[in-house]
Amino acid sequence: MVVDDDAHIRELIRMYLEDEGLEVVEKTNGDEAWRYYQSHPVDLIVLDIMMPRMDGWELCRRLRNAGDKPLLMITAKGEPVDRIKGFQLGSDDYLVKPFEPLELVMRVKALLKRYRISISQAIRLGSVTLDKTSYQVRYRDSGFSESIPLKEFELLFTLASHPGKLYTRDTLIQHIWGFDYEGDERNVDTHIKRLRERFTDYEQDFRIVTLRGLGYRLEVYRD
């Protein structure tokens, strides 16, 4: 979960972390993030300090009191006293704006490793494996590997990352095409149709299910 009142910062972080196979939820202030955290599973939190409604100090304190999740603070405040305060409240790491996005990625991966939370770069759907390190689809039965169109791969990988989870068209557009996408949301339907046709011989392994009026979810039938 990325918590910052700056939409550009949130989008930048989201893009880089999603490239590493992570699912990112964005929240604009501490109060909104706290309410979300209380009812949804979150593995790691990246949070700003200066935010409306509830600042990062209070959010950090609440999150640490609520459990042992990795916390990374990002802020324009670079004074030693601020870093000390962050660590005293329970932050695991601290990054000062402006920061290098790749450094943030490395710090996030280090925190996940420290907490023994894995980042999966490969997802197996029965006899089909999606390998995000090479953007290849591997077929166990035949030993064959192939590349498929990038958007199709990203769409399938997103759905497969959380089998059984409902994804609305809007959510999939944000994940795959980005917030600036101005095309028809039915483009998602077109890509889903292509994926179904492409993997029609593997319906005993997995299937993309339509929830009419809601969106899509992927169901796995064989490990």
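The values are calculated or read from the model by the stated rules, or taken from the named source; none is laboratory data. Just so it is clear, the structure is predicted and the values come from calculations on it, not from any experiment. Here the Cβ is made from the backbone with ideal geometry for all residues, glycine too, and neighbour counts use every protein chain on show.
Listed values, structure above:
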quantity	calculated
Filter result for Tyr181 (of a type in the set (Phe, Trp, Tyr), within 26 Å of Met1 (Cβ to Cβ), within 16 Å of the chain's Cα centre (by Cα) and not assigned by TED's automatic domain parsing to the domain that holds Leu12)	no
Elements of type strands (runs of 3 or more DSSP E) in region 137-223, at least 1 residues being surrounded by 15 or more Cβ atoms within 10 Å (Cβ to Cβ)	206-211, 215-220
Residues (at pLDDT below 90 and among the β-branched types (Val, Ile, Thr)) located in region 174-219	Ile176
Pairs with Cβ under 9 Å, 6+ apart, first in region 176-193 and aromatic (Phe, Trp, Tyr), second assigned to a loop (DSSP other than H, G, I, E, B)	Trp177/Gly183
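Yes or no, residue by residue, for (1) in contact (Cβ under 8 Å) with a residue 60 or more places away in the chain; (2) in contact with a helix residue (DSSP H, G or I) (Cβ under 6 Å, 6 or more places away or on another chain); (3) not charged (D, E, K, R):
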| position | (1), (2), (3) |
| --- | --- |
| Gly56 | no, no, yes |
| Leu59 | no, yes, yes |
| Arg64 | no, no, no |
| Met73 | no, yes, yes |
| Lys77 | no, no, no |
| Pro80 | no, no, yes |
| Lys85 | no, no, no |
| Asp92 | no, yes, no |
| Glu100 | no, no, no |
